[in-house]
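Student: Sharing a structure, written as C-alpha cells. Questions coming.
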Amino acid sequence: MQRFRSPATLGALAAAASVMALIAARRPAPAPDPGLAPIRGATARYRDVKAALADGYVRDPMNMCITPGMEGQPAWLGAMGVHYFRPDLLGITATSPRVTGTGTHTDFTRPGVLLYEPQADGSLKLVAVENLVFEKAWRDAGHTTPPTFEGREYFHMVDNPLTPADEAHGFAPHYELHVWTERANPNGAFAEWNPKVTCGHHRKT
C-alpha cells in the first residue's frame, strides 16, 4: 500500500536535502592522484614545446589534431590533441603507409608521446602524456596480455579497413594509454578522450 507523507514530513525531508547539498558543495574537490605526481614533475618542462623538440620529440608527420570523429566516435567525447613522439622510444622503423616500430617502452616519466592542445594564438599547451607500444613488438617480446599501468590496461588500437574512419589514427596495430597530467579529465586520468580538450584552433600547416 502506498504511504503518504504529511506536509511537515515533506518539509523536513526537503530541509535535510538542502543541508546535504550545502555540505556537498563546500566539500573540497578530490586531490589529484598522488601516483601521477612523479610523472607530472618529470614532464613539466615539456609545457614548453621547444623543450620537447630539444629532447628529440617530433610532431606527428601528418600534423593531425586527433578528434573522436576521426575514429568514428561522437564529437562530444572531446579530443586528444596533437601528438609529438620520440622516435627512439617508440622504435620507429617506418612512417608510411602507417607509423610502425619495435618499441615496447612503458615508462611514463619518460613518455614516448606528448599531447598538445592548439591555442587560439597558435601556441601549443601540453595536456597529457602517452605511451604507445606496437602490438607485434609486444607479442614478440613474449607478452600474452596487453601492457598495464596502475591496474589499467592499455587500449588496443587497430584500424578497421571496412570503415571510412581511421581507428588507429595513422599507426600500425598498437596499445596506448594516456595520462592526463596537465588537463583535468572528468572521465578519469586514463581515459582515451578528454571533453575539456579541443582541436578547434588547430592549424594544419
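Student: Does the stretch 126-133 contain at least one residue that is of a type outside the set (Ser, Thr, Tyr), surrounded by fewer than 19 Cβ atoms within 10 Å (Cβ to Cβ) and either over 12 Å from the mean Cα position of the chain (by Cα) or under 16 Å from residue 43 (Cα atoms) (or both)?
Tutor: No.
Student: Further, regarding this structure: Return a yes/no flag: does the stretch 155-164 have any residue that is within 11 Å of the chain's Cα centre (by Cα) and in contact (Cβ under 8 Å) with a residue 12 or more places away in the chain.
Tutor: Within the stretch 155-164, one or more residues are within 11 Å of the chain's Cα centre (by Cα) and in contact (Cβ under 8 Å) with a residue 12 or more places away in the chain.
Student: Testing residue 182 on (1) among the acidic types (Asp, Glu); (2) open to solvent by less than 30 Å² (accessible area, probe 1.4 Å); (3) in contact with a Leu (Cβ under 6 Å, 6 or more places away or on another chain), one condition comes back false. Which one is that?
Tutor: (2)
The values are calculated or read from the model by the stated rules, or taken from the named source; none is laboratory data. Computed from a predicted model, the values in this text were never measured in an experiment. All Cβ positions, even for glycine, are placed from backbone atoms using ideal geometry, and neighbour counts span all protein chains on display. To get the accessible areas, we keep the full protein, side chains included, count just its heavy atoms, and leave off ligands, DNA and RNA. Shrake-Rupley method; radii C 1.70, N 1.55, O 1.52, S 1.80 Å.
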